[in-house]
Amino acid sequence: MTADAKPAGNDGGMTAVVSLELLEQATDGIVVINERNEVVFFNPAAEKLWGFTESEVLGHNVSRLVPSIYRGDHDSYIDKNRKTGVGRIVGTSREVTFENKAGDYISGEMSISTAVLGPEKKRFYMAVMKGVTEESHRRKLHDLQNAVFEAISNDMLIQDVADLVCREVESFVPNTVAVLLLLDENNRLHILSGPGLPRHYASALENVVLSDADLAAVTNDLTAIGSIVWDSYSSLGISLGLHDCWASAIRSRNGRISGIFALYSRNQYKLSDWPRKIVAGCVSFCSVVIENYEAQQHISQLANYDSLTGFLNRSAIHKVIKSMIDLPGDNSFSIFMIDIDRFRDINDTLGHMNGDAFLRAIADRLKSLSQSNYILSRSGGDEFVIVMPDSNEASAVSFARSLIKGMQEPVEIAGNLLVVSLGIGISIFPENGPDGQSLLSHAESAMRRCKKEARGSFCVSSTADNRAAQDRLLLGSALRDSLARGLLNLHYQPQVDIRTGRLYGAEALSRWNHPTLGNIYPSRFIAVAEDTGQIETIGTWSLEEAVGQLVKWDGAGLHVPAVSVNLSAAHFRNRDLPALIERILREHDIQPQRLTVEITESVMMGENEDTMTGLAAIHNLGVGLSMDDFGTGYSSLSRLTRLPLTEIKIDRSFIMNLEHDANAQAVTTAVIGIGNRLKMTVVTEGVETESQLELLEGLNCDVAQGYLFARPMTPDDMLAWARQKMKITQ
């Protein structure tokens, strides 16, 4: 202490010598500097803390006692306080980390005070440094562990938790870089957190794949991982300013090596044992961080990926498409909706396990045919979606052709070679819609059109497809509401016995006049009903309404011998249909022969066991079965003979040219002849002229229906028409 420093007082013999002796013998390190920032006092406790002797420090700038990273600016911090009296450290007590003579980092609790002494009013600063014990270090780690567990319990993102660990550890040992690495299922390293790590060194680590020998060595000694993350790359590290590394492998609860925690030093001097202890102390809660990360990844996998193929699922592909639409600029992309033709046959024949194996094989084939930046999704069942970035119609068509060609090679499943046929629908952004739902709907419409018109090929979304998609979206919702509110109604078109001119029956036809959408044609809303799964509801309602109308007409004095109701193929796959019909007839007390159910050729083509059983049960009730629009599809005479039909309806397309077209006459003659020989009633639709009626009468046709007699009418108009135009047998 210089003579400038005066004693605090003389009471009790407190002299400057006594004060100086007390400071000398203090258990805490004491450093005093003068107005030139030179050390003028350095007690033995300080010598022990810093490792410098008094002679090595006295008269030298105090900056040699502060961490090397702060030495260049240290004088400016003190000068600022001298001039302004403002400082973050003076007058406070705080925990700090500093370097000793050997270059080791030492933690301590430091308080700084200042005083103006002597006749020249010179300002001195005194620092009191209390060495922090290892117990304090353990407390730091304990506090960090608690902070990590609290962050995880509060659902903080695991990436942020990992950053918290690295940031706090770097504060424990200044001038270091902390890194938390993951080891994936392929034993490849991935950096979870390590923002301070030089980019080139990070790239080197992420190319590391641990061998079986590496894993065996690390399993026996967790610190052996240092040879992998440092010894092999120390030359690169030194060139990037890294000079040492402490590392430990992280073992999960099941014993698997799941990651690595490493601490790299930028200090050229060898540090104490404290960094190694920090790394070892962090391993336990770093294991928890990694386990939570893997759990979140697993949850994300379940939420966003299809478990069978590993492709994105339906909800995830919607998010991806939305993000692509939201990209700035004039970006464009194509969506491929892919459906496997006749996949149900594979499931039914080979079983669901082999069906799943087939889907995985198809997924692998699709992935191999796609570029790395294409996005693949399994949207459900046997449907896949591929999003092709930066594409137009020409490039989309080219890719579709490559998909079809690439699928020509058979797939082997359970010893069977299966040839794959795809139906592909393509929509393009922005041409086919401003949002993901529209794009997917348009692609699906194009795919369904393709499966109907050109199996094993592709179709690009058209205006008609867009209209169909809009119908499904808008009309489907409106139709569901109208059914619930009873806004649909039935019109009836008379059927006349050609030989007697008497009323044979009436066909019930659905009509929909929406309050705001107006009159919607059956060809349009029936297609929507089929696509949106409402066709069965309409069929059930039609049966109830038509049978109930027979009762009303009977009460009004009009006897309609039979009413015909159209039902869809979906109805005939329902085993409860015969019971439904029986209940409706019983509740309205109507004889079964007064109801005829019309079936389409698609029902006949299906010809599965449930359908055939249902048709037989309906026939046994005494209800008539009519083949609607016979001859327009894939009618088979062999199937026709196996069905319990009571009636055949000749489509109007044959009648339009009946008077002038010899071929139309020949087909009509043949169908009428077949019906007569099979003892079925033959009904001809679309009769509009007297000459057509005369020709049909000459061909022994049984019943005619068409505008010649009447258009479809409301029940009341039907009653008025019958009273005016027909001779009714009461």
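Gain in length, Asp356 to Asn676, computed as 0.36 nm per residue apart minus the alpha-carbon separation, to one decimal in nm?
Working: separation 320, 0.36 × 320 = 115.20 nm, distance 4.96 nm.
In short, 110.2 nm is gained.
Taking every protein chain into account, the 1.4 Å probe leaves Tyr293 with about 60 Å² of accessible area, to the nearest ten. Comparing Cα centroids, the range 670-730 and the range 361-409 end up 53 angstrom apart. Accessible surface comparison of Val460, Val17, probe 1.4 Å, protein chains only, largest first: the order is Val17, Val460. Cut-off 12 Å, label point 7 angstrom out along Cα-to-Cβ of Arg314: give me the residues of the range 357-379 whose amide nitrogen falls inside. The answer is 378-379, whose backbone nitrogens lie closer than 12 Å to the label point.
If you sort the three axes of the alpha carbon gyration tensor as a ≥ b ≥ c, you get a/c of 1.5 or more for the range 395-550 and a/b above b/c, which makes it prolate. Note on surface exposure: Lys452, Lys552, Lys649, Lys277 rank Lys452, Lys552, Lys277, Lys649 by accessible area, highest first, 1.4 Å probe.
Give the shape of the range 365-470 as rounded, prolate or oblate, defined through the alpha-carbon gyration tensor: a ≥ b ≥ c are the square roots of its eigenvalues, a/c under 1.5 means rounded, and otherwise the shape is prolate if a/b is larger than b/c and oblate if not. Taking the square roots of the gyration eigenvalues as a ≥ b ≥ c, the range 365-470 is prolate. Taking the protein heavy atoms of the chain in the context of the full set of protein chains, the accessible area attributed to carbon and sulfur is 50 percent at 1.4 Å.
Using heavy atoms of the protein chains and a probe of 1.4 Å, the accessible area assigned to Leu699 is about 50 Å². Between His660 and Thr27, the simple spin-label model (points 7 angstrom out along Cα→Cβ) gives 12.2 nm.
With R₀ set to 41 Å, the beta-carbon distance separating His190 from Thr15 gives a calculated FRET efficiency near 0.05. With a Förster radius of 35 Å, plug the Cβ-Cβ distance of Asp160 and Asn373 into 1/(1 + (r/R0)^6) and report the FRET value to the nearest 0.05. Result of the calculation: an efficiency of 0.75. Left without a cysteine partner by the 4.7 Å Cβ rule in the chain: Cys166, Cys245, Cys282, Cys286, Cys701.
How would you rank 177-187, 194-204, highest first, on the average number of other Cβ atoms within 10 Å across their residues?
Listed from highest to lowest mean packing, they are 177-187, 194-204.
Hey, of (i) 93, 28, 22; (ii) 41, 34, 32; (iii) 42, 34, 25, which did the structure itself give for semi-axes √(5λ) of the Cα gyration tensor in Å when calculated? So the structure-derived entry is (i).
Residues in the range 26-64, backbone N under 18 Å from the label point at Lys122 (7 Å along the Cα-to-beta-carbon vector): list them, ranges by number please. 31-43, 57-63, by backbone N distance to the label point.
When you count, for each residue, the other Cβ atoms within 10 Å and take the mean per peptide, how do 683-692, 319-328 rank with the highest first?
Most protected by this proxy first, the peptides run 683-692, 319-328.
Solvent-accessible surface (1.4 Å probe) assigned to Ile299 amounts to roughly 110 Å².
Could you size up the charge dipole of the chain around its Cα centre, putting +1 on the beta carbon of Lys and Arg and -1 on that of Asp and Glu, and report it in debye to the nearest 20?
500 debye
Straight Cα distances below 20 angstrom link Lys101 to the lysines Lys48, Lys130, Lys270, with same-chain residues fewer than 8 positions distant left out.
Summing +1 for each Lys or Arg and -1 for each Asp or Glu among the other residues whose beta-carbon sits under 14 angstrom from that of Leu222 gives +2.
Kirkwood radius and radius of gyration were both taken over the C-alpha atoms of the range 158-242, and their ratio Rg/Rh is 0.96. Farthest towards the positive end of the charge dipole of the chain, among the residues Leu350, Met680, Pro328, is the Cα of Pro328, using unit charges on the Cβ of Lys, Arg, Asp and Glu. Taking all protein chains into account, the per residue accessible area for the chain stands at 49 Å² (1.4 Å probe). Dipole orientation for the chain: of the candidates Val218, Ala562, Ala102, Ala102 has the Cα lying most toward the positive pole (charges on Cβ; Lys, Arg +1; Asp, Glu -1). With R₀ set to 35 Å, the beta-carbon distance separating Ser153 from Thr84 gives a calculated FRET efficiency near 0.20.
The values are calculated or read from the model by the stated rules, or taken from the named source; none is laboratory data. All values derive from a computational prediction rather than experimental measurement. Please note: Cβ atoms are built from the backbone with ideal geometry, for glycine as well, and neighbour counts cover all protein chains shown. Ligands, DNA and RNA are excluded from the accessible area calculation, which covers all protein heavy atoms including side chains. Shrake-Rupley method; radii C 1.70, N 1.55, O 1.52, S 1.80 Å.
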